[in-house]
Amino acid sequence: MAARPKLAVFKFASCDGCQLSLLDCEDELLAVVGQVEIANFLEASREVQKGPYDVALVEGSITTSHDAERIQQVRKQSRFLVTIGACATAGGIQALRNFKDVREFTSAVYATPEYVSTLDASTPISQHVRVDFELRGCPISKHQLVEVLGAFLCKRRPNIPSYSVCLECKRRGTVCVMTAAGTPCLGPVTQAGCGALCPSYQRGCFGCFGPSEAPNTAALGSWWEKQLGASRPELVRAFRSFNAYAAPFRMASDAYEHDRS
Amino acid sequence: MPMSTTVRNATSRPKSIVVEALARVEGEGGLTVQLRGGRVADVKLRIYEPPRFFEAFLRGRSFRELPDITARICGICPVAYQMSAVHAIEAACGVAVGGPLRELRRLLYCGEWIESHALHVYLLHAPDFLGYPSAIHMAADHAEVVKKALELKKIGNDLVALVGGREIHPINVRCGGFYRVPTRRELLGLAERLKRACELSLEAVSFAAGLEFPDFEQDYEFVALRHPDEYPLNEGRIVSNRGLDVPVSAYEEHFIEEHVPHANALHSVHKGHGAYHVGPLARYSLNFDRLGTPAQEAARAAGLGPTCNNPFKSIVVRAVELVFACHEALRIVEQYQPPERPFVELEPREATGHGASEAPRGLLYHRYAIGADGLVRSAKIVPPTAQNQKTIENDLWHFVPTLLDLGKEEMTWRCEQAIRNYDPCISCATHFLKLDLRRD
């Protein structure tokens, strides 16, 4: 029998939530463990096997020069590298520093800023190394994670849609919160994956899965302003959250901050 | 150093313990223990989780965004962040949320305790006691134990998902309440599974009580919330076993954070007293009388008294808290009557609000100043692991000398176990760990 593929999980700047998704697969965990060899997963095991690894799941963004070097080593040891979550894929909530002065941030949080070493920007993994697949979400969907691992094991493309949350609302029969209740919603420009959760709880989508394919942020922004009375600072904040540094959202928040539209 | 002359006796033994990257903790950290002449010369719990600057970038955000953004500090205990945040904001706005909304928040928090404690007791901590590198390895010999652990954990997660929308980073919490509240029928759908969870939690106590514990009692200052008639989750006064009894708003008058060079987390101390201990041992020892009959009986059957000063027995206390959380969740589900509205409307005003709640790992304090425009002017967040960091180091100062006859590998593992007593969440504490043991 052929050896089971070796799986490794690596963490950079993040909340641990996306790798926890793997442990949250309570029904699938022992089955997954039967199919792959968990060679390096520090959150779950103190046993660390050396690389190379067949598949690496990378959580978190790059925020220190040490981590910028470490991701190079991870890439060299990994045949198939998947980023998991908004931090690894877009820089995460900590990329809000990219719009501000990081030195001022350090002195606002730490009494002795010289003890802290950090880069000016929080950047996605793809800005540093080649990435084989990016799994979106803050946090990722565990069903999508199982799909990506399953696809890898079967040597096929993962079936992860890039359309917007709106399609998921339609499919589950949720009444549009924006047109029916006048609730600002990022669903039209946000990638599906959560199952259109927020509208089913009577709140607008707030963009956990980042920009959908070819999002029309200008049209959505205009609707928020003219139909829903949203202010420019509100638009800036809406586009500037967990996926703030993903290009379409970054350009939208920059435009509204500098009053260009 | 004067001890260096006696180093010859120790040449065959390790001079240092270095744990480059601690496993089975949330986040990144390491440990350095320096031995000199068979004595401990230095202990440093290193937190190298990179800083993320939450307190800085929260400035200028709307108070309504706080439950969503602060949840992202920790994927293991997002509900704790959401709860401390909403209580702080409601205090600033002069609003108290009671009735069924308050009960739903308690229910959501019970879900997080069940999910987080089940994860730590069985999947992260138990392998140390039984000698496995992970629960996955443990499953080969103890498949039934691991399956029951996953079953209990899943009930906790399903509870969080039902009330909060999803397990990690729930979307249904807002300042003033919820976006949508569950129907009575939806909650009652969980009653049978919570009855099963109550049984599983009692098994967890028997399991944990059957483990072997080092004889290691420490004289801690325990700090936790205390409420007039409940085991603390969301509310209470901050009390200690050394006479402290203050409202949450007085936290910063009594506790300060110090920045030390080896950690990107800030060390907390109780002014004039030093290191203190938050988490299950503290909550239990200060609130045994509030645990309710099933959890008290389970604790007594496990051989625990009304206080517990052995940090290795935190695994038993966590299991006792599982009994409490499962029974409390069942009580809330059975008594639930939906509120008329899912939330209380808040009007922002220029004010400062304080909030503290009991995260699975211990006291979590938030303070926000907001303006009349609803924007955050300043934010301060003190997570439980930052408060425990000095206490963890103190434990190691006293624990390592009991290990000196062991080989390096075994010694290192026991040190890691002593750190995992605290279920440290390093992602939280870095606003945390590597063992680097050195002998000169």
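The values are calculated or read from the model by the stated rules, or taken from the named source; none is laboratory data. Predicted model, so just to flag it, every value in this text is computed and none were measured. For neighbour counting, all protein chains shown are included, and Cβ atoms are generated from backbone atoms with ideal geometry for every residue, glycine included.
If the requirement is being within 14 Å of another protein chain (Cβ to nearest Cβ), surrounded by fewer than 18 Cβ atoms within 10 Å (Cβ to Cβ) and at pLDDT 95 or above, which of these qualifies: A:181, A:196?
A:181 is the lone residue from the list that is within 14 Å of another protein chain (Cβ to nearest Cβ), surrounded by fewer than 18 Cβ atoms within 10 Å (Cβ to Cβ) and at pLDDT 95 or above.
For residues in the range B:76-96 being β-branched (Val, Ile, Thr) and in contact with a strand residue (DSSP E or B) (Cβ under 6 Å, 6 or more places away or on another chain), which is nearest to residue B:160 (Cα to Cα)?
B:76
Working only within the range A:39-70, note down all residues that are surrounded by fewer than 24 Cβ atoms within 10 Å (Cβ to Cβ), β-branched (Val, Ile, Thr) and either more than 11 Å from every other protein chain (Cβ to nearest Cβ) or over 23 Å from the mean Cα position of the chain (by Cα) (or both).
Within the range A:39-70, A:48, A:55 meet the criteria.
Residues in the range A:1-27 that are surrounded by fewer than 22 Cβ atoms within 10 Å (Cβ to Cβ) and more than 10 Å from chain B (Cβ to nearest Cβ): how many?
So the count comes out to 6.
Taking the condition of being more than 11 Å from chain B (Cβ to nearest Cβ), assigned to a helix (DSSP H, G or I) and under 18 Å from the mean Cα position of the chain (by Cα), how many residues in the range A:227-251 meet it?
Looking only at that region, the number is 6.
For the range B:84-94, state whether one or more residues are farther than 16 Å from residue B:376 by Cβ, at pLDDT 85 or above, away from every other protein chain (no Cβ under 11 Å) and not in a helix (DSSP H, G or I). So that I can check it myself, show each step before the final result.
Quick first cut of the range B:84-94, residues farther than 16 Å from residue B:376 by Cβ only: B:94.
Next cut, at pLDDT 85 or above only: B:94.
With the extra rule that they be away from every other protein chain (no Cβ under 11 Å), the set shrinks to B:94.
Checking which are not in a helix (DSSP H, G or I) leaves us with B:94.
There is at least one residue in the range B:84-94 that is farther than 16 Å from residue B:376 by Cβ, at pLDDT 85 or above, away from every other protein chain (no Cβ under 11 Å) and not in a helix (DSSP H, G or I).
Pick out the one residue from A:201, A:163 that is surrounded by fewer than 16 Cβ atoms within 10 Å (Cβ to Cβ), among the aromatic types (Phe, Trp, Tyr) and over 30 Å from residue A:8 (Cβ atoms).
Only one candidate qualifies: A:163.
Which members of the range A:165-188 meet the condition of being among the hydroxyl-bearing types (Ser, Thr, Tyr) and under 16 Å from residue A:222 (Cβ atoms)?
Listed by number, the list holds a single entry, A:179.
Taking the range B:189-221 on its own, how many of its residues are within 23 Å of residue B:293 (Cβ to Cβ) and out of contact with any Pro (no Cβ under 8 Å at 6 or more places or on another chain)?
Here the count works out to 19.
Outside any loop (DSSP other than H, G, I, E, B) and within 24 Å of residue B:245 (Cβ to Cβ): is that true of residue B:286 in this structure?
So residue B:286 fits the description; yes.
List pairs: first in the range B:231-249 and farther than 12 Å from residue B:354 by Cβ, second among the aromatic types (Phe, Trp, Tyr) and outside any loop (DSSP other than H, G, I, E, B), Cβ under 7 Å, 6+ apart or cross-chain?
B:231/B:324; B:233/B:109; B:234/B:109; B:240/B:222; B:241/B:222
Quick one: in the range B:305-332, which of the residues that are of a type in the set (A, V, I, L, M) and surrounded by fewer than 24 Cβ atoms within 10 Å (Cβ to Cβ) is nearest to residue B:124 (Cα to Cα)? Working first, answer last.
Here is the first cut: in the range B:305-332, the residues of a type in the set (A, V, I, L, M) are B:315-317, B:319-320, B:322-323, B:325, B:329-330, B:332.
Cutting the leftovers down to surrounded by fewer than 24 Cβ atoms within 10 Å (Cβ to Cβ) gives us B:330, B:332.
Values: B:330: 26, B:332: 29 Å.
Here the answer is B:330.
I'm trying to understand the selection: among the residues of the range B:374-414, which are of a type in the set (D, E, K, R) and in contact with a Gly (Cβ under 9 Å, 6 or more places away or on another chain)?
Scanning the range B:374-414 gives B:377, B:390.
Would you please list the contacts, defined by Cβ atoms under 7 Å and residues six or more apart or on different chains, that run from a residue in the range B:199-212 that is under 16 Å from residue B:153 (Cα atoms) to a residue that is acidic (Asp, Glu)?
Final answer for the pair search is B:200/B:151.
Would you point out which residue out of B:60, B:98, B:38, B:30 is more than 9 Å from every other protein chain (Cβ to nearest Cβ) and closer than 28 Å to residue B:175 by Cα?
After ruling out the rest, the residue left standing is B:98.
State whether the residues of the range B:361-383 include one that is assigned to a strand (DSSP E or B) and on the phi > 0 side of the Ramachandran plot.
There is at least one residue in the range B:361-383 that is assigned to a strand (DSSP E or B) and on the phi > 0 side of the Ramachandran plot.
Residues that are at pLDDT below 95 and farther than 30 Å from residue B:148 by Cβ: find the strands (runs of 3 or more DSSP E) completely inside the range B:185-283 holding 1 or more of those.
Counting at least 1 such residues, we get B:255-259, B:266-270.
Which one of the conditions (1) under 20 Å from residue B:418 (Cβ atoms); (2) in a helix (DSSP H, G or I); (3) within 12 Å of chain A (Cβ to nearest Cβ) does residue B:126 fail to meet, given that it meets all the rest?
Answer for residue B:126: the failing condition is (3).
Do you know which residues across the range A:71-90 are of a type outside the set (A, V, I, L, M, F, W, C) and within 11 Å of another protein chain (Cβ to nearest Cβ)?
Once the filter is applied, which keeps residues that are of a type outside the set (A, V, I, L, M, F, W, C) and within 11 Å of another protein chain (Cβ to nearest Cβ), the range A:71-90 yields only A:85.
Can you name every residue in the range B:344-381 that is of a type in the set (Val, Ile, Thr) and crowded, with 24+ Cβ neighbours inside 10 Å?
B:370
Say whether the condition of being in the same structural domain as residue A:139 (by TED's automatic domain parsing), in contact with a helix residue (DSSP H, G or I) (Cβ under 7 Å, 6 or more places away or on another chain) and basic (Lys, Arg) is met by at least one residue in the range A:72-87.
No, every residue in the range A:72-87 fails to be in the same structural domain as residue A:139 (by TED's automatic domain parsing), in contact with a helix residue (DSSP H, G or I) (Cβ under 7 Å, 6 or more places away or on another chain) and basic (Lys, Arg).
Is it true that residue A:108 is at pLDDT below 95, away from every other protein chain (no Cβ under 14 Å), part of a helix (DSSP H, G or I) and over 13 Å from the mean Cα position of the chain (by Cα)?
No, not satisfied.
All but one of (1) small (Gly, Ala, Ser); (2) in contact with a His (Cβ under 7 Å, 6 or more places away or on another chain); (3) closer than 30 Å to residue A:35 by Cα hold for residue B:134; which doesn't?
Here residue B:134 clears every test but (2).
Using beta carbons and a limit of 9 Å, which pairs, at least six apart or on different chains, have the first residue in the range B:163-176 and at the interface with another protein chain (Cβ under 8 Å from one of its Cβ atoms) and the second one part of a loop (DSSP other than H, G, I, E, B) and β-branched (Val, Ile, Thr)?
B:165/B:171; B:168/A:140; B:168/B:76; B:172/B:181
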